1. Charges only on Cβ, +1 for Lys and Arg, -1 for Asp and Glu: so what's the dipole of segment 69-178 about the Cα centre, in debye to the nearest 20?
2. With only alpha-carbon pairs counted, each pair once and no self-pairs, how large is the Kirkwood hydrodynamic radius of segment 160-266 in angstroms?
3. Quick one: work out the % antiparallel among DSSP beta bridges in the chain, nearest 5.
4. Under DSSP H, which helices of the chain have Cα atoms covering 18 Å or more of the helix axis and a Kyte-Doolittle average no less than 0.5?
5. Order of 242-252, 91-101, 209-219 by packing, highest average Cβ count within 10 Å first?
6. In the structure displayed, which of 41/230; 67/230; 155/278 lie more than 30 Å apart, Cα to Cα?
7. If I take all pairs of Cα atoms in the chain, what percentage of them are more than 25 Å from each other?
8. Could you sort 62-69, 22-29 so that the peptide with the highest average Cβ count within 10 Å comes first and the rest follow in order?
Amino acid sequence: MPGLTQPGLCFSYPYSIMTKKIRAAITGVGGYVPDYILTNKELETMVETNDEWIVSRTGIKERRILKGENQGVSVMGIEAVKEMLRKTGTDPKEIDAIIFGTITPDMQFPAAANLVAAGVGATNAFSYDIGAACSGFIYGLATGASFIESGRYKKVVVIGGDKMSAILDYTDRTTCIIFGDGAGCVLLEPTEEEVGVIDSILRSDGTGECYLHMKAGGSRMPASHETVDKRLHYVYQEGSAVFKFAVTNMADVAAQVCERNHLAPNDIQWLVPHQANKRIIDATANRVGVREDQVMMNIERYGNTTAGTIPLLLWDYERQLKKGDNLIIAAFGGGFTWGAIYVKWAYDPQ
Ligand code: UT7
C-alpha cells in the first residue's frame with residue numbers, strides 16, 4: 001500500500017474500502033400452481049394407499065397437477081415471472097439474466113429458462129437451467145446473487161419449479177403420493193443496504209445417485225422401447241434412505257449458517273425449509289431451535305414440487321414478511337444436493 005505511507009495520504013483509504021458492498025436483495029416474488037387438485041382421496045382410487053397414511057407419514061393432503069397437451073414446466077415459469085413483473089412494475093427488457101432451477105425442463109434442450117425468457121419478452125436476458133433437483137432454487141439464488149454482487153448485472157430472475165407429474169409412475173405408491181407441480185420466482189436487484197442474500201452454504205454428493213434418480217432418458221440410457229417397457233422414465237427413490245440423509249444434512253447446514261452468522265433462534269423470523277416431508281421439516285426446525293410459528297409450510301396443499309417449494313413458500317408468505325426479517329432457507333434433494341441461505345428480507349408488504 002505505498003499510497004498510505006505517503007505524506008498527506010495517511011488518513012485516506014483506497015476506493016475499494018470506501019465503496020459499500022453491493023448485496024443482492026429480493027425485490028419481488030411471483031408464483032403459479034395449476035388449477036387441478038389431486039387429493040389423497042383420488043390417489044386412493046389409483047394406488048393401494050390411504051389419506052391417513054399419507055397425512056401422518058408426509059403431511060400432504062393434496063397437490064396440483066398441470067394437465068393438458070404440450071404443457072411443459074416453462075408454462076408455469078412464465079406465469080410466475082409475469083406475475084412478479086406485474087407486481088414490481090418491471091419492464092422485461094431490463095432483465096439481465098434468468099436462471100431456472102428445474103429437473104423437468106420441457107425438453108432436453110433448449111433450456112426451460114430460454115423458453116421463459118421468450119415467453120415473457122426478456123429479449124436482453126441470457127438464460128439457463130440449473131439441474132440440482134430440490135436444491136435447484138437455492139443454487140440459483142446463490143449464483144444469481146453473485147451476479148448482482150459482482151456489480152455487472154442489475155436485474156436477475158431466479159425461478160424454481162417442476163412438473164413432477166411428467167416423471168411420476170402413478171402405479172408406484174411410494175413416489176406418486178409425494179410430488180406435485182408448481183413454480184415460483186424472485187427478482188434480485190442490487191442494494192447497498194444491509195439486506196438481501198447475506199450468506200450461503202451449498203453442498204453436493206454424487207454418491208447419492210443410487211437412492212434417488214431417473215434411470216433412462218439421459219445420455220447413459222437413451223429412450224428406447226425397452227426403457228419404456230421397463231418403466232425407467234420415472235422417479236426412482238429409496239424413501240427411507242433419502243429421508244435419513246435429508247434429516248441430517250438439511251438440519252446440519254441450516255444450523256451451520258445460523259452459527260456462523262451468530263443467529264440465535266429468536267433472531268430468526270422465518271425458517272424456509274424445502275417441503276419434502278413434514279417430519280423432515282420438523283427435524284430441521286428442532287435442530288435450528290425455532291418454534292412452529294416461525295416455520296413456513298404449505299406442504300399440505302402442494303406436496304413436494306421439487307425446485308418449486310421454496311419460491312412457492314415465499315409467494316404464499318410474502319404478505320407476512322417485513323423489511324429486516326431474517327430468513328433461513330434450507331433444502332435437500334436428488335444428487336444429493338443440499339444447502340442453506342441466510343436472507344434478510346428487503347421490503348415491507350405492499
Ligand atoms: O425432496 C427430495 C428428497 N426426498 C425426500 O426427502 C423424501 C424422503 N423420504 C420420505 O419422505 C419418506 O421416506 C417417504 C414418505 C417416501 C416414505 O415414508 P416412510 O415412513 O419412510 O415409509 P417406508 O418407505 O419406510 O415404508 C413403510 C411402509 C412400507 O410397508 P411395510 O414394508 O412396512 O409393510 C411401505 O410399503 O409403508 C408402506 N408404504 C405405503 N403405505 C401406504 C409406502 N408408501 C405407502 C403409501 N401408502 N403411499
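Nothing in this text is a laboratory measurement; each read-out follows from the coordinates by a stated rule. This one's a predicted model, so the numbers in the text were calculated from it and none came from an experiment. Note: ideal-geometry Cβ built from the backbone for every residue, glycine included; neighbour counts use all protein chains shown.
1. Details: 9 positive and 12 negative charges, 73 e Å.
Roughly 360 debye, rounded to the nearest 20.
2. Numbers: mean 1/r = 0.0574 Å⁻¹.
Kirkwood hydrodynamic radius for segment 160-266: 17.4 Å.
3. Details: 40 of 56 bridges.
The answer is about 70 percent antiparallel.
4. Details: long enough: 73-88 (23 Å, 0.33); 136-149 (20 Å, 1.04); 239-260 (31 Å, 0.52).
Those that pass (Cα extent of 18 Å or more, hydropathy at least 0.5) are 136-149, 239-260.
5. Numbers: 242-252: 19.4, 91-101: 22.3, 209-219: 14.3.
Ranked by mean Cβ neighbours within 10 Å, highest first: 91-101, 242-252, 209-219.
6. Details: 41/230 28 Å; 67/230 24 Å; 155/278 34 Å.
The pairs that break the limit, which is 30 Å between Cα atoms, are 155/278.
7. Values: 31571 of 61075 pairs.
For the chain, the fraction of Cα-Cα distances above 25 Å is 52 percent.
8. Values: 62-69: 17.6, 22-29: 23.1.
Going from most to least packed, we get 22-29, 62-69.
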